[in-house]
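This report refers to the structure that appears directly beneath it.
The values are calculated or read from the model by the stated rules, or taken from the named source; none is laboratory data. Please read all numbers here as calculations on a predicted model, not as lab measurements. Here the Cβ positions follow ideal geometry from the backbone for every residue, glycine too, while neighbour counts run over all protein chains shown. Note: accessible area is taken over every heavy atom of the protein model, side chains too, but ligands, DNA and RNA are not part of it. Shrake-Rupley method; radii C 1.70, N 1.55, O 1.52, S 1.80 Å.
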Amino acid sequence: MTQPQAGTVTVFGYGTVRAVPDLIVLSIGVECRASTVGLAYDRAGRSVTALTAALREDGVPGTDIGTGMLSVRSDTAWQDGTARVIGYIATSTLTVTLAATADPARPAPSDVVAHAVAAGGDDARLGGLRHTFADRERLLERARDAAWDNALDKARQYARRAARELGPVLEITEHTTAPAQPTEPGGIRMVAASAPAPVPVESGETEITATLRATWQLK
């Protein structure tokens, strides 16, 4: 009896897990204009100090507040075809991690953001937020399991249609993508002379996906 020729089957597997994020990463900061570098830098320092104090008053620990960007640049205007320096702009950005889950002992994330914006005054800038997970790896493990099951089902189907059986696995390659990064503040100016009304922050559900490529020997 003639033995079937050696061969392989290669498939892609996809797995998805949906879960409600338990962390919110907020990008917030200040942008200050002044006539000199020193004045702009000093004003930014005072505004960030006030903003940070508001975060701490709302129970955000120092370990969850980090400086993401600090810069001073010239502010220029064009006149008669020539760029002229009219002042300086100091910018400082904070990356703040907040618990997304409700905690009666702490203000809601929307309140924390509103209090920080009010403390920063007209210098406050919101760069956006993203929802994430404290234990993302656990969810990725579940997504990988689902991706493997998906790949195995496909490989079995192809082997069956080819009147063959699956042999040992020859290769497994995981396909990954870099996680989304938070946007730096700068585009949204918050006028906060008085405490603004909190804007609701809803976490919803987020998908965690895994993709792999697997090759089996055919018997």
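Residue ranking by accessible heavy-atom surface, 1.4 Å probe, largest first, among W148, W216 comes out as W148, W216.
Per-residue SASA remark: F12, around 80 Å² accessible (1.4 Å probe; ligands, DNA and RNA not included). The residue list P61, A34, S47 was ranked by how far each Cα lies along the charge dipole of region 1-121 toward its positive end, using unit charges on Cβ atoms, and A34 comes out on top.
Add +1 for every Lys or Arg and -1 for every Asp or Glu among the other residues with Cβ under 10 Å from the Cβ of A210, and state the total.
On the way: positive: R142, R144; negative: E141, D145, E174.
Around A210, the charge tally is -1.
Grab the DSSP H runs of the chain that are 4 residues or longer, score each as -39,500 (n - 2.57), total them, divide by all residues and round the 222 nm result to the nearest 500 deg cm²/dmol. All intermediate terms of the calculation are to be shown ahead of the outcome.
Values: 3 runs with 59 residues, N = 219.
Helix contribution divided over all residues of the chain: -9500 deg cm²/dmol.
Based on protein heavy atoms only, region 43-162 ends up with 56 Å² per residue of surface accessible to a 1.4 Å probe. The amide H of G87, built 1.01 Å from its N in the peptide plane, has D75 as neighbours under 5 Å, considering only residues 5 or more places off or on other chains.
The listed residues K219, K154, once ranked by accessible area (1.4 Å probe) with the largest placed first, stand as K219, K154.
Think of the chain as a dipole: +1 on every Lys or Arg Cβ, -1 on every Asp or Glu Cβ, centred on the Cα centre; then among Y14, L126, A90, Y14 lies furthest on the positive end.
Hey, what did the chain get for relative contact order, percent, Cα under 8 Å, at least 6 apart?
Values: 460 pairs, mean separation 82.5, N = 219.
Across the chain, relative contact order equals 38 percent.
Lys and Arg at +1, Asp and Glu at -1: add these up for the other residues within a Cβ distance under 15 Å of D64 and post the number. Spell out each step's value before the answer.
Numbers: positive: R56, R106, R130; negative: D22, E57, D58, D103.
Here the charged neighbours net out to -1.
Computed from point charges on the beta carbon alone (+1 for Lys and Arg, -1 for Asp and Glu), the dipole magnitude for the chain about its Cα centre is near 760 Debye. The computed mean projected area of the Cα convex hull in nm² for the structure shown corresponds, within (1) 12.7; (2) 19.2; (3) 14.3, to (2).
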